[in-house]
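The values are calculated or read from the model by the stated rules, or taken from the named source; none is laboratory data. Just so it is clear, the structure is predicted and the values come from calculations on it, not from any experiment. Positions of Cβ are backbone-derived with ideal geometry, glycine not excepted, and every protein chain shown enters the neighbour counts. The accessibility values were calculated without ligands, DNA or RNA, using every heavy atom of the protein model including side chains. Shrake-Rupley method; radii C 1.70, N 1.55, O 1.52, S 1.80 Å.
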Amino acid sequence: MRTARGARRNAFAGVLAAFALAAFVVPTAEASAGGRPGGRAPRAFEATPIGIVSQPFHVLTPVNARFTLRLPAGVPTNATVRFSLHRKVANRDSFRAIADHFAEPAVIDQVSVPLRRGVRDAGTTSFDVLINTAQSSRNDLYLAQEGIYPLTIDAVTTGGEVVGTTLTFLHRRAIDTATAVPASVVAALTAPPSLVPDGVFSLLNSTRANVRAFTDFLASITEPVTAQVQPELLEALATSTELGDAELFASLRAALTRRRVALAPWVPADIGALVHDGLATQVTDLLTLSMDTFATYLPGVVLQPDVWVARDPLDDASLALLRNLGVTTVLLLPAAGTGVEREADSSLLSRPAGTSNASIAVLSADEAMATTLDGAGDDPVRIGYRIAAEAIALRDDLVAAGGSAGNVRIIISSSSGDLVDGATLRTALRALASAPGIDLREVTNADTVNGTEPATVFPPGAERSLGGVKNGLVQARREYEAVISMLPEADPRSVLWAEQLAVASTGGESAPAQVDGVRSELRRLTGAVSLATAPDITLSSRNGSIRLQLRNDEATTLYVRVSVSSPKITIGSRADVVELLPGGTTDVKVPLRARSNGSFPVTVRITTPSGRVQVVPPTVITASVRAVTGLGQVVSVTLLLMLVAWWWNSWRKRRAEAAQEGTVSGQ
């Protein structure tokens, strides 16, 4: 196995080896100086760069090709533009040595065109050059064999001075003889979180510019691209009241609607660090928020939740979590390859070493092409064709080594995965889409592994952590999971607080303030509930009830769980969830039965419906039971019956006496 660093050493060794090909390469100053560091580039490349506006790339048959150039200011009108075709590159390593100007291959053909014959238009000059694939003739560039050919374009004065130069590439390949292998281009849209600690979205103008560039890029291409968008950014745009944001969101939605989008966490977060800190549930919440956001704001977009684009290094534990969340394909961006060891080239389909995560297909973005894309400047056409040419050179190496459509996966992205330069990537996309031997496609869950693929060894555990944010985030999550059960299901605060904790999980500058803000709101929510009841109650019977009064000072309905317990009293029902109306007092009657007379403590607990957090400190009420029971009840009933009998007899006696007095008076 070889580490990523070892792979780079081997690649560099290949560059040095390319210098030894004297038959194909003319050594330059730095080559003779003994290597790449500290050497000087060929003298020609010290001239002012010539910009390329358009050029041919794939040459299938003889063609009169047009090169549209942006020549440096001050090129004399009597100058000549010279097109020098070099020997085709031998392999990918020699390609990079040539492209980076550390080797200059021998010239095999050359055409010079007077500047006055060029067609000038809006600061550009176009030249027609015959490129031949059948046979060499005068005033043409002959591509005798299939392959990648370097092409140097110089602006030369009549005195032979090179006053402008550039290096580009041409590709000759017969369509029917090429073995097509999959290649994918990744373009992501991310930005610093827009959700600020006070719970509102605040978009930066630079973020809007990135959204506009990403949207324009997608709208300008029809080729397949693996797109990824930060869901937090979608919500910020969709809910913004700023002028123009609604139109910008509509444009982004239209550009995404016809594409599949790889699922991203709600905000960029280091999954390995979260798992290391015991916050695996936070990862689940990040993905849940993502899917909910897409369902709410982009219901027509097809998500790929089983494809994970890794920006940060992964380990066995984080891979296991992703597997449990349904991820079947992991795409490692260059930064995510740190600490990874591979049995084979990174552009070959692989699987994690071991058996626990062996069902996951592992793809890797090419680090060298990512570095080139990161440095794309003001010459996007030239850089775009360079990337396409390098991808083809890599394809040729892999196929020559036995690779096929079944195991080659060429991935092109920037180091971060973000869209660094849309014009450069658009040029590369279009060149690759029409390249014989390249099957341009999106990264999907179609890649499967069966255990025969080369292994990628991930470190057993991440050493990264959220640092000082960890403890506060762990506590805030614990409180949040308990307290949100007090809110009605549709209350937007439960989502808002989850989003704030998601931002905190990035470990960014606002993380401590996000955590403190959520915890403060949770404490305010529980503090809105109070219990009002008499400290002492008297029961004249063993069967009775306790009347509790719960006050809700919040402007919305809240839910709490009421539980009553006592060692001498049987409570008539279990702890119940009670609805507290906003801004009012709710009466709660708790039935109970006393086992004997006397005074007993009754403990009242008010908790969140989940029962995990106390809303009100436990309150102890003294219940005095003065019920008469047993023989006393019998005596009481007997005395009552005797009293009734005495009254009945007295009433009858008075009535009889009254009747007798009436009879005597009548006589």
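When each of 504, 490, 446, 431 is tested for being in contact (Cβ under 8 Å) with a residue 12 or more places away in the chain and over 18 Å from the mean Cα position of the chain (by Cα), the lone residue that passes is 431.
Would you confirm, using the coordinates I've provided, whether residue 495 is over 20 Å from residue 614 (Cβ atoms) and either of a type in the set (Val, Ile, Thr) or without any contact (Cβ under 8 Å) to a residue 60 or more places away in the chain (or both)?
On the way: over 20 Å from residue 614 (Cβ atoms): yes; either of a type in the set (Val, Ile, Thr) or without any contact (Cβ under 8 Å) to a residue 60 or more places away in the chain (or both): yes.
Yes.
A search for C-beta distances below 6 Å between a residue of segment 332-358 that is farther than 24 Å from residue 270 by Cα and any residue that is surrounded by fewer than 22 Cβ atoms within 10 Å (Cβ to Cβ) and hydrophobic (A, V, I, L, M, F, W, C), counting only pairs 6+ apart in sequence or on different chains, returns 343/1; 343/455. Taking (1) within 20 Å of residue 95 (Cα to Cα); (2) open to solvent by 20 Å² or more (accessible area, probe 1.4 Å); (3) in contact with a helix residue (DSSP H, G or I) (Cβ under 7 Å, 6 or more places away or on another chain); (4) of a type in the set (A, V, I, L, M) in turn, residue 181 satisfies each apart from (2).
A quick yes/no check of all residues on (1) of a type outside the set (Lys, Arg); (2) touching a helix residue (DSSP H, G or I) at 6+ places or on another chain (Cβ under 8 Å); (3) surrounded by fewer than 16 Cβ atoms within 10 Å (Cβ to Cβ):
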| site | (1), (2), (3) |
| --- | --- |
| 297 | yes, yes, no |
| 307 | yes, no, no |
| 310 | yes, yes, no |
| 314 | yes, yes, no |
| 320 | yes, no, no |
| 323 | no, no, no |
| 331 | yes, no, no |
| 335 | yes, no, no |
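When residue 494 is tested against the conditions (1) within 24 Å of residue 314 (Cβ to Cβ); (2) among the hydroxyl-bearing types (Ser, Thr, Tyr); (3) open to solvent by less than 40 Å² (accessible area, probe 1.4 Å), the lone failure is (1).
Give me the residue from segment 78-102 that is among the basic types (Lys, Arg) and more than 18 Å from residue 398 (Cα to Cα) and, out of that set, farthest from the chain's Cα centre (by Cα). Working first, answer last.
Residues of segment 78-102 that are among the basic types (Lys, Arg), as a first pass: 82, 87-88, 92, 96.
Retained after the next criterion (residues that are more than 18 Å from residue 398 (Cα to Cα)): 82, 87.
Numbers: 82: 48, 87: 44 Å.
Checked segment 78-102; the qualifying residue farthest from the chain's Cα centre (by Cα) is 82.
For residue 281, the stated conditions do not hold, so it cannot be described as in contact (Cβ under 8 Å) with a residue 24 or more places away in the chain, among the polar types (S, T, N, Q), open to solvent by 10 Å² or more (accessible area, probe 1.4 Å) and in contact with a Phe, Trp or Tyr (Cβ under 7 Å, 6 or more places away or on another chain). All conditions but one from (1) open to solvent by less than 60 Å² (accessible area, probe 1.4 Å); (2) under 28 Å from residue 391 (Cα atoms); (3) among the hydrophobic types (A, V, I, L, M, F, W, C) apply to residue 219; the one that does not is (1).
For segment 439-451, the criterion of being surrounded by 15 or more Cβ atoms within 10 Å (Cβ to Cβ), modelled with pLDDT of 95 or more, β-branched (Val, Ile, Thr) and not in a strand (DSSP E or B) is met by no residue. With respect to residue 331, determine if the residue is modelled with pLDDT of 95 or more and either assigned to a loop (DSSP other than H, G, I, E, B) or closer than 28 Å to residue 468 by Cβ (or both). Answer is no for this residue. Taking every residue in segment 455-482 that is assigned to a helix (DSSP H, G or I) and pairing it with any residue that is polar (S, T, N, Q) and open to solvent by 40 Å² or more (accessible area, probe 1.4 Å), at least 6 positions away or on another chain, the pairs with Cβ-Cβ distances below 8 Å are 477/281; 481/610; 482/610. Looking across segment 525-571, the residues that are touching a residue at least 60 places away in the same chain (Cβ under 8 Å) and assigned to a strand (DSSP E or B) come down to 529, 530, 531, 536, 537, 538, 539, 546, 558, 559, 560.
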